[in-house]
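*Asks:* For reference, the structure I am asking about is given below.
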Amino acid sequence: MKIQSKPTGDFAPHPDGSFCAVCVDVTPPVKRDTNYGPKMEFRLVFETNAESDRNDGKPQCIWSRPFTVSLNEKSAFRKLLKQWLGRDLTSNEEAEFDTEDLIGKPANLVIIHEPSQDGSRTYANIAACTPPKKAPLAPSGSFVRKKDKDTTAGSEASVRNVAQPTTPIAVPEAVDSTKAGSDWTKVKVHVGKFAGMELRDIQIEDIAKLTKNWLPTYEANQKPTADDKRLAKALKIAGEEAAISDF
C-alpha cells in the first residue's frame, strides 16, 4: 500500500526506512474531485523518531494519502486500520468508531522514497503502518492540528472535522443548510429497519443502500408524505455533500 505524503515544497522528503511514529492529527475532511466524482477526504499526520534537520527542533512529520470518509470493508482507510491494529474492527468498534481516538496512537511506519512521474522530485510514501515494535513514541506536543490552525486564523471550516468526538466517521456533517432547509444528518428515517433513527446515527454504507433501494420507490410514489419528502431531500443532499463512495 503506497500512501503519498503531503507535498513539502523545497523541504527534503521524510527519510526512508522503518520508524517509530505517533498519530498527531486527523485533518478535517474536504471535498475533492476524483476519478470517481467528488468525495470527502481527510489525511492522517504522524510524527516520527527520524532524525530531524529542522532548525526549530521539531520532529519529522509525514502525511498519509487522502482517505475517503468511509469504513466500508473495501475502503483504503479500513484496510489501513486493519494493518495498524493488527486485526479488523469489531462490530461494536465499527458502530462507535471515532477518529479522534487515533490521536496519540503509536505505530511503526515503513517509509519509502518514490520519484514523481517527471522525475523532478522525490516523495516519501508510507508503505506500511503496523503496531509499534518498540517502546511507543509519545507526541512531542509541538504539532498544531489543522482544525486548531483554522480556529486560530479565524476561518470557519466548510466541513465538520471527521474526528469530532461521538460522531461516527460514516456521517460527516458537510452540509449547506441553506440548500437543505435543515441539517440533513438530523433527519429521521421513517422506513425500514432504521425507522426512528437520525441519518447521522447510521453508517454511510447503509445510507447508500437506503438511497439505492428506497429513493426510486419514493420517486414513483404519486402521493408522498411530508416525511417521505424530508427523507428524500436529505438522502439526495447526503449523496451530494458527503460524496457517498464504494457503491
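The values are calculated or read from the model by the stated rules, or taken from the named source; none is laboratory data. Values in this document were obtained by computation on a predicted structure and should not be read as measured data. A quick note on method: Cβ atoms are made from the backbone with ideal geometry, for glycine too, and the neighbour counts reach across all protein chains shown.
*Asks:* Which of the following residues is without any contact (Cβ under 8 Å) to a residue 40 or more places away in the chain, touching a Lys or Arg at 6+ places or on another chain (Cβ under 9 Å) and not small (Gly, Ala, Ser): 115, 38?
*Replies:* 115
*Asks:* Which condition breaks for residue 76 when tested against (1) touching a helix residue (DSSP H, G or I) at 6+ places or on another chain (Cβ under 7 Å); (2) within 27 Å of residue 38 (Cβ to Cβ); (3) surrounded by fewer than 19 Cβ atoms within 10 Å (Cβ to Cβ)?
*Replies:* Evaluating residue 76 over (1) touching a helix residue (DSSP H, G or I) at 6+ places or on another chain (Cβ under 7 Å); (2) within 27 Å of residue 38 (Cβ to Cβ); (3) surrounded by fewer than 19 Cβ atoms within 10 Å (Cβ to Cβ) leaves (1) as the failure.
*Asks:* Okay, next question. Kindly list, by first and then second residue, each pair from a residue in region 78-105 that is over 17 Å from residue 46 (Cβ atoms) to a residue that is at pLDDT below 95 and polar (S, T, N, Q), limited to pairs with Cβ atoms under 7 Å and residues at least 6 apart or on different chains.
*Replies:* 78/72; 98/166; 98/167
*Asks:* Residues to consider are 109, 89, 102; find the one that is hydrophobic (A, V, I, L, M, F, W, C) and under 13 Å from the mean Cα position of the chain (by Cα).
*Replies:* 102
*Asks:* Might you check whether a residue that is among the hydroxyl-bearing types (Ser, Thr, Tyr), part of a strand (DSSP E or B) and modelled with pLDDT of 95 or more occurs anywhere in region 58-73?
*Replies:* no
*Asks:* In addition: Given the residues 120, 116, 70, which is the only one that is under 16 Å from the mean Cα position of the chain (by Cα) and of a type in the set (Gly, Ala, Ser)?
*Replies:* Of the residues listed, the single one that is under 16 Å from the mean Cα position of the chain (by Cα) and of a type in the set (Gly, Ala, Ser) is 70.
*Asks:* Taking residue 124 as the residue in question, decide whether it is part of a strand (DSSP E or B), in contact with a His (Cβ under 6 Å, 6 or more places away or on another chain) and surrounded by 15 or more Cβ atoms within 10 Å (Cβ to Cβ).
*Replies:* yes
*Asks:* A follow-up question, please. Mind listing just one residue for me: the one in region 1-35 that is among the polar types (S, T, N, Q) and modelled with pLDDT of 90 or more and, of those, farthest from residue 45 (Cα to Cα)?
*Replies:* Of everything passing the filter in region 1-35, 18 is farthest from residue 45 (Cα to Cα).
*Asks:* For region 136-247, list the helices (runs of 4 or more DSSP H) that sit wholly inside it and hold at least 1 residues that are modelled with pLDDT under 50; which are they?
*Replies:* Output list reads 177-180.
*Asks:* Considering region 30-53 alone, what residues qualify as being over 18 Å from residue 70 (Cα atoms) and part of a loop (DSSP other than H, G, I, E, B)?
*Replies:* 49, 50, 51, 52, 53
*Asks:* Give 109, 81 a once-over and let me know the one that is within 24 Å of residue 203 (Cα to Cα) and either modelled with pLDDT under 95 or aliphatic (A, V, I, L, M) (or both).
*Replies:* Residue meeting the stated conditions: 81.
*Asks:* Please go through region 13-59 and pick out each residue that is buried (at least 20 other Cβ atoms within 10 Å of the Cβ) and aromatic (Phe, Trp, Tyr).
*Replies:* Passing the criteria: 19, 42, 46.
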